[in-house]
Amino acid sequence: MTADDVSFVIDTSTPHPARVYDWLLGGKDNYLVDQELGEKLPAEARGNAARNRAFMHRAAAWLARDGVGQFLDVGTGIPTAPNLHQVVQEIAPAARVVYADNDPIVLRHAEALLVSTPEGATDYVQEDVRRPEAILERARTLLDFDRPIALSLIALLHFITDDEDPYGITRTLVDALPSGSCLVLSHGTTDEHPELAESVRTTYREGQVPLRMRGRAEVERFFEGLDLIDPGLVTATHWYKDTPAPKSERSGFYVGVARVP
Ligand SMILES: C[S@@+](CC[C@H](N)C(=O)[O-])C[C@H]1O[C@@H](n2cnc3c(N)ncnc32)[C@H](O)[C@@H]1O
């Protein structure tokens with residue numbers, strides 16, 4: 001599929017990232033091709049998916065407590081409670097959240113993302129991150145771009161290959177945000193456990209899903225020009241704000257939250 005062709009047809013002949021991730025999280029919104037790919041992945045992949053999702057919950061909750069009331073979540077995934085809006089609206093009921101994903105199965109389940117608190121609001125955009133301007137245009141209908149927005153790109157950019165310009169895409173999205181906004185990012189890496197990462201990459205490639213894991217310096221580059229918030233760029237199991245990180249586990253993901261100056 002090209003970025004110009006945001007397909008609405010569910011293709012069950014090849015695995016899709018959203019559905020494989022749903023399988024890894026123990027969800028039911030996936031097909032045999034997704035399960036087959038998931039089963040070929042090293043067992044640690046399931047724990048890594050859960051640890052990535054847990055980072056999203058902690059980071060979103062911390063931002064809501066810190067006073068950020070608007071969220072743009074690109075690469076949302078199939079709804080899995082608690083979704084981002086449920087996490088943040090529990091803390092800030094008036095929070096507004098715009099979700100975007102390019103997978104038609106996420107669209108099929110999007111109604112679960114649209115159940116907002118009465119004081120807040122949510123929206124879902126069926127769009128490809130490789131068309132960042134289209135996402136921004138739609139997000140402007142719900143979010144106020146004169147007030148801080150948290151942009152989350154969680155477990156998304158490793159699906160964007162170098163020739164698709166992941167840094168340019170991120171820059172376009174971040175440049176639209178006002179000062180005080182934040183970028184929340186998680187990204188699969190080869191650094192923590194190279195053999196595991198290689199096996200994940202090969203399995204996805206065999207399933208025709210290109211995966212571009214990135215090393216520390218490559219992930220750090222997504223935060224260029226932004227102020228990384230403590231604890232900085234760390235692996236998912238080390239990103240804790242209010243409590244100390246529990247006993248260290250590997251996670252396969254670099255994560256970080258940074259402020260737009
Ligand atoms: C691994 S899931 C992550 C879901 C969620 N962000 C989380 O971390 O729990 C990756 C999501 O990115 C979406 N995705 C992959 N490529 C995309 C693209 N080019 N544009 C928009 N979404 C994309 C997939 O459909 C999938 O829902």
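The values are calculated or read from the model by the stated rules, or taken from the named source; none is laboratory data. Note that the structure is predicted; figures quoted are calculated from it, not measured. Quick reminder, even Gly has a Cβ in these numbers, built from the backbone with ideal geometry, and neighbours come from all protein chains shown. For the accessible areas, the whole protein counts, side chains as well, though only heavy atoms, and no ligand, DNA or RNA atoms are used. Shrake-Rupley method; radii C 1.70, N 1.55, O 1.52, S 1.80 Å.
Key figures for this structure:
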| quantity | calculated |
| --- | --- |
| Cleavage-rule hits, trypsin sites (Lys or Arg not before Pro), segment 173-261, DSSP coil, Cβ neighbours within 10 Å at most 13 | Lys247 |
| Residues of segment 17-259: accessible area per residue with a 1.4 Å probe, Å² | 41 |
| Per-residue ³J(HN,Hα) for segment 251-261, Karplus 6.51 cos²θ - 1.76 cosθ + 1.60, θ = phi - 60°, Hz, x for Gly and Pro | 9, x, 10, 8, 9, x, 10, 9, 9, 7, x |
| Whole-Hz couplings from phi, Karplus 6.51/-1.76/1.60, listed for segment 145-155; x for Gly and Pro | 7, 9, 10, x, 10, 9, 9, 10, 10, 10, 6 |
| Relative contact order, percent, the chain [alpha-carbon distance under 8 Å, six or more residues apart] | 19 |
| Antiparallel DSSP beta bridges within segment 17-259, percent to nearest 5 | 35 |
| Rg(Cα) / (2.2 N^0.38 Å) computed for the chain, rounded to two decimals | 0.93 |
| Amide H within-cut-off set for Leu228, under 5 Å, with H built and near neighbours excluded | Arg259 |
| Within the chain, helix-based [θ] at 222 nm, where runs of 4 or more DSSP H residues each add -39,500 (n - 2.57), nearest 500 | -10000 deg cm²/dmol |
| Other-chain or far-sequence residues with amide H under 5 Å of Ile149's (modelled H) | Ser181, Cys182 |
| Where a label projected 7 Å from the Cα of Lys28 along Cα→Cβ would reach, residues of segment 85-119 with amide N under 11 Å | none |
| Anisotropy class of segment 2-99 from Cα gyration tensor, a/c 1.5 cut | oblate |
| Karplus-derived 3J(HN,Hα), 6.51/-1.76/1.60, for each residue of segment 96-103, Hz, glycine and proline x | 10, 9, 10, 9, 9, 7, 9, 8 |
| Carbon + sulfur, % of accessible area of segment 17-259 - ligands and nucleic acids excluded, 1.4 Å | 50 |
| Length released on extending from Thr141 to Arg216, taking residue separation times 0.36 nm less the Cα-Cα span | 23.5 nm |
